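Here the structure is laid out as structure tokens; the discussion comes afterwards.
The values are calculated or read from the model by the stated rules, or taken from the named source; none is laboratory data. From a predicted model like this one, the values you see are computed outputs, not experimental measurements. Neighbour counts run over all protein chains shown; Cβ positions are idealised from the backbone, glycine included.
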Amino acid sequence: MSSESTVYVDATNQIAGRLSSKVAKLVISGKRVIVVNAEKSLLSGSRTAVINEWKEKLEIASRVNPIYGPIHPRRPDNILRRMVRGMVPRKKPKGALAMKRLRVYIGVPAGVDSAKLQQFEDSAARRPIPVYVTMRELSKSLGWNE
């Protein structure tokens, strides 16, 4: 598509699931989406509950050989990319092309102008009970080395 427009999204203080659904809609509609600061996005829930739930996912493996999966990401950018992938029909040609239009970065890459970054209106600061875990904390506890 020659008429692709690029949308720059800042994931800072954004709830990861809500952010993923909005990004999925954008990439399906044909826009190129670049998400920065993936490690600063939030997961809702108490720290221990969220981390224990993700650790249980990592412990489940194939009885035959762990290489056969299920394989779960540990890095914040890959976790966020996987969340978006779950909301896109990736096995269809439309979804496969949509996933190629998505880029997720840890931090802000050199070529991205900070004035272009946009945040969605649904920020975590307005929530009444702020019980959140950052993606960085989760990834560190899963074994990610920066």
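Of note:
- Screening ALA16 against (1) crowded, with 22+ Cβ neighbours inside 10 Å; (2) in contact with an Asp or Glu (Cβ under 8 Å, 6 or more places away or on another chain); (3) under 16 Å from LEU102 (Cα atoms) leaves a single unmet condition, (2).
- Subset of segment 130-146 [modelled with pLDDT of 90 or more and among the polar types (S, T, N, Q)]: THR134, SER139, SER141
- For ALA98, the conditions (1) loosely packed, with under 10 Cβ neighbours inside 10 Å; (2) in contact with a Gly (Cβ under 9 Å, 6 or more places away or on another chain); (3) of a type in the set (Gly, Ala, Ser) are fulfilled apart from (1).
- The residues in segment 19-39 that are out of contact with any helix residue (DSSP H, G or I) (no Cβ under 7 Å at 6 or more places or on another chain) and more than 11 Å from ARG101 (Cα to Cα) can be counted, and the count is 6.
- Meets criteria (of a type in the set (Lys, Arg) and at pLDDT 95 or above) for ARG81: yes
- Qualifying residue in segment 52-69 (condition: of a type in the set (Phe, Trp, Tyr) and within 21 Å of LEU138 (Cα to Cα)): yes
- Exactly one residue out of PRO70, PRO89 is surrounded by fewer than 17 Cβ atoms within 10 Å (Cβ to Cβ) and touching a Gly at 6+ places or on another chain (Cβ under 8 Å), and it is PRO89.
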